[in-house]
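The values are calculated or read from the model by the stated rules, or taken from the named source; none is laboratory data. Because the structure is predicted, anything quoted here is derived from the model rather than measured. Cβ placement follows ideal geometry from the backbone for every residue including glycine, while neighbour counts extend to all protein chains displayed. We work out accessible area using only protein heavy atoms, side chains counted, and drop any ligands, DNA or RNA first. Shrake-Rupley method; radii C 1.70, N 1.55, O 1.52, S 1.80 Å.
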Protein chains: 4
Amino acid sequence: MARKNTERTGLIFPDILMKLKRGPQVILPKDAGMIIAISGIGKESICVDAGAGSGWLAVTLGNIAKKVTTYEWREEFAELAQKNINRAGLTNVEVKRKDVFTGIDEKEVDLVTLDLADSEKVVPFAHAALKSGGLVVGYLPHAEQVQQFVKACREAGFAEDKIFTIECIVREYLVRDRGFRPENTGLMHTAYLTFAKK
Amino acid sequence: MARKNTERTGLIFPDILMKLKRGPQVILPKDAGMIIAISGIGKESICVDAGAGSGWLAVTLGNIAKKVTTYEWREEFAELAQKNINRAGLTNVEVKRKDVFTGIDEKEVDLVTLDLADSEKVVPFAHAALKSGGLVVGYLPHAEQVQQFVKACREAGFAEDKIFTIECIVREYLVRDRGFRPENTGLMHTAYLTFAKK
Amino acid sequence: MARKNTERTGLIFPDILMKLKRGPQVILPKDAGMIIAISGIGKESICVDAGAGSGWLAVTLGNIAKKVTTYEWREEFAELAQKNINRAGLTNVEVKRKDVFTGIDEKEVDLVTLDLADSEKVVPFAHAALKSGGLVVGYLPHAEQVQQFVKACREAGFAEDKIFTIECIVREYLVRDRGFRPENTGLMHTAYLTFAKK
Amino acid sequence: MARKNTERTGLIFPDILMKLKRGPQVILPKDAGMIIAISGIGKESICVDAGAGSGWLAVTLGNIAKKVTTYEWREEFAELAQKNINRAGLTNVEVKRKDVFTGIDEKEVDLVTLDLADSEKVVPFAHAALKSGGLVVGYLPHAEQVQQFVKACREAGFAEDKIFTIECIVREYLVRDRGFRPENTGLMHTAYLTFAKK
């Protein structure tokens, strides 16, 4: 939550993430917050995440859920994610060295989070892994990825009225004696978020 | 997460909130998500909330934290909040029938959330209740309230570089064969969120 | 500029538009303002518009430019557009009953505005009609239309670094004794605007 | 409209502004576009602007209106504004070396634009200068300035339902073969715009 981060990136981090090493691309608190609040995950929830990347989302989810399994087949990132999980002091987050495009092992899962170049290809496995009422979420930078992800959700059997897409824009404010106003520049886009509920 | 809610309000609710009765004003998932993600609360966290209102935020926090105490001196709302906590099946959320403007009993708290007409008056009590590293958050519909809240945070001893204000705007998308576009209308504002870290 | 309009649509209209009859879909002042300000049209400018629809954009441009030709092959809309031009008291706006997909007659044009289901098909004609330094603008509700329009601009010979896409979001505020805040709901999307300069 | 500007500032400029020297703070096309489209100024309009600053808004209005008088009592800025008016090739824009806080000489004006530290103090003079149906606009970076400006409008005799405040946010998009998405960062705020109609 240091001000430095705020000023650079338009985002604010909780202490648990400030301990982590930052990889090339992380899912920021604003988007993680949407995933948590909309999925309603809590102390009893089972989550699957892919790919781990630097492990930020896995750590964020692990801080709340009972168990998180994060898939990562690239050795470099699996190691970074494991280090970050250790730094965060979490013992309920497992890095699984497996190609998630070949399937998800877990069953009766509450939440599957997908942040991959071809996340839509994992949607059928996510559908199979989810318990009834569980959610899959795609973190999708481009509109075309959203179209593909939504199509994959329909084909995997998610009901049309249980698929929806949002984006979250956070605006920072300067609050000073001389006045109240938004910061002049800021973060305009990270990714679209598509949710589908089983 | 029913589509009906999406279409009416631009917001989507997790199952746990769909069970609740809705009072006149609730803190919506988009704002609760920001509070959770930025505070970094988890399974071991102790939270204080005031006022309870219909108890939505208390339930959302209770689903994640170890213990939530929500202050509410108005009998009608205290009863509604208690009913909603029961509906959600939570046993770690306590409704305290006390005027929070006279003080906060809890100590070593991780997060204090304030949604009151004069939230700034509770800031000194929040500062006393928080452990080092803990956060107070004000849910503040108007700019003038933000100015007063920020001033109260400074006077209560929060460091200037640990006070910041954001707003969260969620935009919904239509993703159809005929094309990808944002919904034409939607929710433009609920409240500004001011955070201060001890 | 009547308040009624503001409250209903999140938009405010100048007097000249308040005189007009409103068709099923009009280009609103926020988007017309972007087109005017970015193109820099003025008293000496020659504009081509297609399709006329109810003639709102043609009237807005005609109020500023020297001459506007607006294409409309559908009789019903051509008549509505002509009536609106008359109501606005403009004599420099011509409704042309011609299919713009067969070509644009005008030459050395400063601005071509396209609001059609397949606007991208008119881009080659727009390129031919524009003078050097002139702009074509597509009013494009969906992301897919933007992709097609940008592709058509590249193929028609517009330079890559002279093609760009924006959206304009206008937020209204309540400014009262009790405080300053954005309206709770509002207009989230009308269309993306893609510009290309010859 | 060069891409360089786009990438740096999130804004795009018409040719007429590209010729100008840029002072410390200019009113950008997005905000000028709102002023033009909402006021409905055209070839017959008479405008008053204060202060001139580097003259960007005066040039933008002068490109459209019949006559613009821009007040500037600071010699340095009056000279810069005059140079920019000359660069733009406009002969209908006059720089008036007078303190606008002592009054506006012009009568039957269609639009008064105010961008001053204490714009609210000029509102009574603006009301006197405007013809019936004319607009005053305040370019106001801070919320507190908006409150003061709105109060001054009420006191000067503008009807409550003819005073309104907006902000305009422009988002740029990347449209590439690999996909469609908003730029990651951009311009979040310049100023609030408050309009009042006589």
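Within the stretch D:120-134, one or more residues are closer than 11 Å to D:Thr194 by Cβ and at pLDDT 95 or above. Annotation note: of B:Ala191, B:Ala196, the sole residue that is modelled with pLDDT of 95 or more, buried (at least 23 other Cβ atoms within 10 Å of the Cβ) and either touching a Leu at 6+ places or on another chain (Cβ under 9 Å) or charged (D, E, K, R) (or both) is B:Ala196. Residues of the stretch C:164-184 that are at the interface with chain B (Cβ under 7 Å from one of its Cβ atoms) and either open to solvent by less than 10 Å² (accessible area, probe 1.4 Å) or in contact (Cβ under 8 Å) with a residue 40 or more places away in the chain (or both): C:Arg171, C:Gly179, C:Phe180, C:Pro182, C:Glu183. Of the helices (runs of 4 or more DSSP H) contained entirely in the stretch A:13-111, those carrying at least 2 residues that are touching a strand residue (DSSP E or B) at 6+ places or on another chain (Cβ under 8 Å) and more than 14 Å from chain B (Cβ to nearest Cβ) fall at A:75-88.
Scanning the stretch D:129-144 for residues that are assigned to a helix (DSSP H, G or I) and open to solvent by less than 30 Å² (accessible area, probe 1.4 Å), we see that the one that is nearest to the other protein chains (Cβ to nearest Cβ) is D:Ala143.
Looking only at residues that are of a type outside the set (Gly, Ala, Ser) and over 17 Å from the mean Cα position of the chain (by Cα) in the stretch B:128-149, which one is nearest to B:Asp49 (Cα to Cα)? Selected residue: B:Lys131.
The residues on offer are C:Ala126, C:Ala152, and the sole one that is within 14 Å of another protein chain (Cβ to nearest Cβ), surrounded by 22 or more Cβ atoms within 10 Å (Cβ to Cβ), small (Gly, Ala, Ser) and closer than 30 Å to A:His142 by Cα is C:Ala152.
Suppose the filter is open to solvent by 10 Å² or more (accessible area, probe 1.4 Å) and either under 15 Å from the mean Cα position of the chain (by Cα) or over 19 Å from A:Val137 (Cα atoms) (or both); does A:Gly62 pass it? So A:Gly62 does not fit the description; no. The residues of the stretch B:94-121 that are open to solvent by less than 10 Å² (accessible area, probe 1.4 Å) and within 24 Å of B:Met34 (Cβ to Cβ), listed by number, are B:Val100, B:Val109, B:Leu111, B:Val112, B:Thr113, B:Leu114, B:Ser119. Of all residues in the stretch C:72-92, exactly one satisfies the criterion of being of a type outside the set (Gly, Ala, Ser), open to solvent by less than 70 Å² (accessible area, probe 1.4 Å) and in contact with a Leu (Cβ under 8 Å, 6 or more places away or on another chain), namely C:Asn84. Can you find a residue that is of a type in the set (Gly, Ala, Ser), touching a residue at least 60 places away in the same chain (Cβ under 8 Å) and within 14 Å of chain D (Cβ to nearest Cβ) anywhere in the stretch A:188-198? The answer is yes, given that some residue of the stretch A:188-198 is of a type in the set (Gly, Ala, Ser), touching a residue at least 60 places away in the same chain (Cβ under 8 Å) and within 14 Å of chain D (Cβ to nearest Cβ).
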